[in-house]
Structures are given as structure tokens and as C-alpha cells.
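Working notes for the structure below.
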Amino acid sequence: MKLVQTFPIKGGDFASAGSVSIMVKKLLKGIGLPSQVLRRAAIAAFEAEMNVVMYGGEAGGEVRLYVSPTKIRVETQDHGPGIPNLELAMTEGWSTATHEMREMGFGAGMGLPNIKRNSDRLDIHTAIGGGTSVNVEIDICN
């Protein structure tokens with residue numbers, strides 16, 4: 001795999017939320033990937049980015065984008081509190097979003113389920129007090 005780019009994400013920066021996934025989509029579009037692959041990658045990147053914005057704490061995190069001739073890999077790492085119950089977090093509709101996050105339209109509990117739905121492979125590592133990494137692979141079918 002070739003590293004295409006790394007994007008920093010500020011925790012709590014809702015004003016810039018979504019900008020990383022837009023850049024990911026533009027890079028992949030510039031490569032000439034099929035629209036279905038672009039859509040899946042953009043959705044997965046957006047949901048992962050929002051998790052960092054919402055839960056990454058002051059240190060935030062980053063998204064690393066890798067592309068090979070056969071697949072896209074989106075790796076997201078945050079420095080947040082970790083996910084206490086990953087199985088529950090993968091349940092549609094379950095959320096730990098604050099009242100303020102919900103008022104802004106976030107926290108519907110679809111983030112991790114949407115990432116899973118739009119990936120061919122998903123690997124999540126989390127540790128209480130140690131942050132969370134979400135690694136997504138999407139196959140490129142020409």
C-alpha cells in the first residue's frame with residue numbers, strides 16, 4: 001500500500017467537521033476510482049472523522065489514507081477515552097452523544113454501524129483511557 005495522505009482532526013471542532021472526508025473523496029476522485037467506491041470511502045471516512053471530533057478529546061486524532069491498485073484503507077486514530085462496550089457501540093441507534101452534540105444533529109448512533117456497512121473489512125481497537133483506532137478496507141472493483 002502507498003500512503004496517500006495523513007489528515008489531523010481537532011477534537012471538538014464541529015465547525016471543521018466533515019472537511020477530512022471531503023478531502024479524502026476529492027483525492028480518490030482525482031485517482032479516477034468508481035463512484036460506488038468513492039461513496040463508500042467518503043461515508044466511512046466521515047463517520048470515523050465525526051467520532052474523532054466528538055470523542056477524541058483535546059488531542060483529537062488523525063485519518064491516514066492508503067490506496068493500492070486493489071483497495072483503499074482508511075485508518076483513524078483518536079486520543080479519546082476509548083469505547084467501554086464495543087459490542088453495544090456497534091448497535092444501530094446506541095449513542096453516548098451529549099445533549100449538545102444531539103442538538104447539532106449528531107449522535108444518532110449510526111457512526112460505527114455505517115462504517116461497518118460501507119467497508120469490506122473493519123478492525124476496531126479500543127482501550128479505556130487509551131483511545132480508539134478504526135481501520136477500514138474497501139476493495140476496488142474495476
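The values are calculated or read from the model by the stated rules, or taken from the named source; none is laboratory data. From a predicted model like this one, the values you see are computed outputs, not experimental measurements. FYI the Cβ positions are ideal-geometry reconstructions off the backbone, even for glycines, and counts take in every protein chain you see. Quick note on the areas: whole protein, heavy atoms, side chains included, nothing else; ligands and nucleic acids left out. Shrake-Rupley method; radii C 1.70, N 1.55, O 1.52, S 1.80 Å.
Couple of notes before you dig in:
- Out of Ile31, Ile9, Ile22, sole residue that is open to solvent by 30 Å² or more (accessible area, probe 1.4 Å), within 16 Å of Val63 (Cα to Cα) and either under 14 Å from the mean Cα position of the chain (by Cα) or without any contact (Cβ under 8 Å) to a residue 60 or more places away in the chain (or both): Ile22
- One residue from Gly60, Gly105, Gly109 being surrounded by 15 or more Cβ atoms within 10 Å (Cβ to Cβ) and out of contact with any helix residue (DSSP H, G or I) (no Cβ under 8 Å at 6 or more places or on another chain): Gly109
- Test: Ser95 is over 15 Å from Val24 (Cβ atoms), small (Gly, Ala, Ser), open to solvent by 10 Å² or more (accessible area, probe 1.4 Å) and at pLDDT below 95: yes
- Within region 112-124, the set of residues being surrounded by 14 or more Cβ atoms within 10 Å (Cβ to Cβ) and assigned to a loop (DSSP other than H, G, I, E, B) comprises Asn118, Ser119.
- The condition of being open to solvent by less than 20 Å² (accessible area, probe 1.4 Å), in contact (Cβ under 8 Å) with a residue 12 or more places away in the chain and either on the phi < 0 side of the Ramachandran plot or in a helix (DSSP H, G or I) (or both) holds for only one of Ile83, Ile72, Ile43, that being Ile72.
- Residue that is modelled with the highest pLDDT [pool: residues in region 98-128 that are over 17 Å from the mean Cα position of the chain (by Cα) and of a type in the set (Val, Ile, Thr)]: Ile128
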